[in-house]
Amino acid sequence: MINSNQKLMGAVLLSLMLIIISGCGGGSSNGGTNIDQEHTLTVSINHNSDSTPQIEVYNNEEKVDSGEGDLVQFKLNNGNYTIKIYNNSITKIRDVVIDGSNESIDVSFSDSTNPADDWDPGQEWTLAWSDEFNDGDFDTNIWTRQRWMTPPNNELESYTGEPSTAYEENGSMVLKATYDGGAYDQQGNYTSARVISNPGGQDGNSGADGKTFKYGKIAARIKLPGGKGIWPAFWMLGDNISETGGNTSWPQCGEIDILETGAKGDPNYGQGTVHATVHRDPGTESNPEGYNKYVPAGSYTLANGELFKEDFHVFSIEWDQEKIIWKLDGIEFGRKKINSDIENEFHKDFYVLFNIAVGGHFTATPDETTDFPQYMYIDWIRHYTK
C-alpha cells in the first residue's frame, strides 16, 4: 500500500520533471520563435487544360524548387521568392514574401481560348482583311511553313517546314521552337518555324494564293516567346525578293521589321524591349556594311521589368507614301520617312513573316537557363485601310 508520504514525493518528482522538460524546449515561450524555420507555400491553380501546370520557385534568380500539378506545396525559409507558373501556352509570374508564416498563391488561367482584347484600330481605319486563326485549320493557301535548314545571321535553328513547328490551336497560330540536344552553340541543334504569306509559297511556284500588303495598318496580336538567345520577329519582305522566286536581291527588295525582341544588349536578354527597323539598298550612300542600309526607327521597353512572354500585345505599323509609324498597343514608338528617291523599295507589295530564331548576331546564345520548347502565339493578324 502507498502511504501519503510516497504520494507527496511522487508529486514533487513529477513537477520537477515537467520543469526540466519545459526548460529544454519542450514548451514554447514568447521569445522562442526560430526565424529560420521552414514555412509552407501553397500554390493552387485553377485551369481547364490537359497540360499539367508546372511551378518553379526562384530566390535571387536561382531556382530552388519545382513541382507540377493543380495543388503544390513547398517548404521555404523566410525570404523573397519569385514563382513561375506555366503550362504549354500560358506563363504567369508571382512574387511572394515568406516572413514567419505560411503563405498561399491562387492562380487561375485557361488556355482553351485567348483572353479577350479591347484594342481599337481607330475610327479612320476600315478592316480590309484578317486571319483570326479560329477554325483550327492551318491555312496553307495563305501561310507557308518555309523550309530553311541553315538560315543566315549565324542563327542556330533549322526551319524544317514540318507541321509540328507551326499550327493552329485554341484560337492562335502557334510557332514552336525546340532544343534537340547537344552543344548550345551548335547550328542545327534547334528546330523552329518561319511562316510566310508569300504568294506561291516556298519558291513562288507552289500555287498558294498567299497575301501581300501595300500601305495601310498591318497589326497582329501576339504573345512572344522569351529567354536567353530567343529572337522572335513579325516582319515584312518585298514580294520581289529572289528568296521566294522574285528577281531582286536583299536588301534591295526592302525589309520592314514590325517587331524584333531578344537583343543581347537589352535588359532581361531583350525579352521586354521591342525594336522597329527597316533595311534597304544603301544606294550611293556611304555605308560601312557596303550592301545593307540598316535604319533603326525606334524601340520601346515595357515598364516594371515586364516581359512580352507574359501577355498578348498588339504590334502594328501605319504605312503610307510618306512614312511608316510603329505602335505598341496603340502607342507610337517609332517613325521613319520613306519619301526620298532612294527608298522606293517601300512602295511595292510586301508579304508577312513570323518566326522564332535561336541565337545569331542580334541575340545571345541559349544556355541551361533557356526554357524549351518556346512558343509564339499569334491571336490574329489584320489589315486596315483608310
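Just so it is clear, none of the values below were taken in a lab; they were calculated from the coordinates. These numbers were taken from a predicted model, which means no experiment stands behind them. A quick note on method: Cβ atoms are made from the backbone with ideal geometry, for glycine too, and the neighbour counts reach across all protein chains shown.
Some observations on this one:
- For GluC sites (Glu not before Pro), the sites in region 302-370 that DSSP calls loop and that have at most 12 other Cβ atoms within 10 Å are GLU322, GLU368.
- The alpha carbons of region 192-345 give a radius of gyration and a Dmax of 16.0, 47 Å, in that order.
- Reach of LYS323 by Cα under 29 Å, taken over lysines that are not fewer than 8 positions away in the same chain: LYS211, LYS214, LYS217, LYS223, LYS264, LYS293, LYS336, LYS337, LYS348, LYS386
- Calculated on C-alpha atoms, the gyration radius of region 60-212 divided by its Kirkwood radius gives an Rg/Rh of 1.08.
- Rg/Rh for region 58-97, where both radii come from Cα atoms and Rh is the Kirkwood radius: 0.95
- In whole angstrom, region 122-256 maps to an equivalent ellipsoid with semi-axes of 25, 20, 15, each derived as √(5λ) from the alpha carbon gyration tensor and ordered largest first.
- Each residue of region 204-243 gets 135 Å³ once the volume of the Cα convex hull is shared out per residue.
- Normalised by residue count, region 96-176 yields a Cα convex hull volume of 253 Å³ per residue.
- Of the peptides 232-241, 204-213, 171-180, the ranking by mean beta-carbon count within 10 Å, highest at the top, reads 232-241, 171-180, 204-213.
- Taking the inverse of the mean reciprocal distance over all distinct Cα pairs, the Kirkwood hydrodynamic radius of region 306-386 comes to 15.9 Å.
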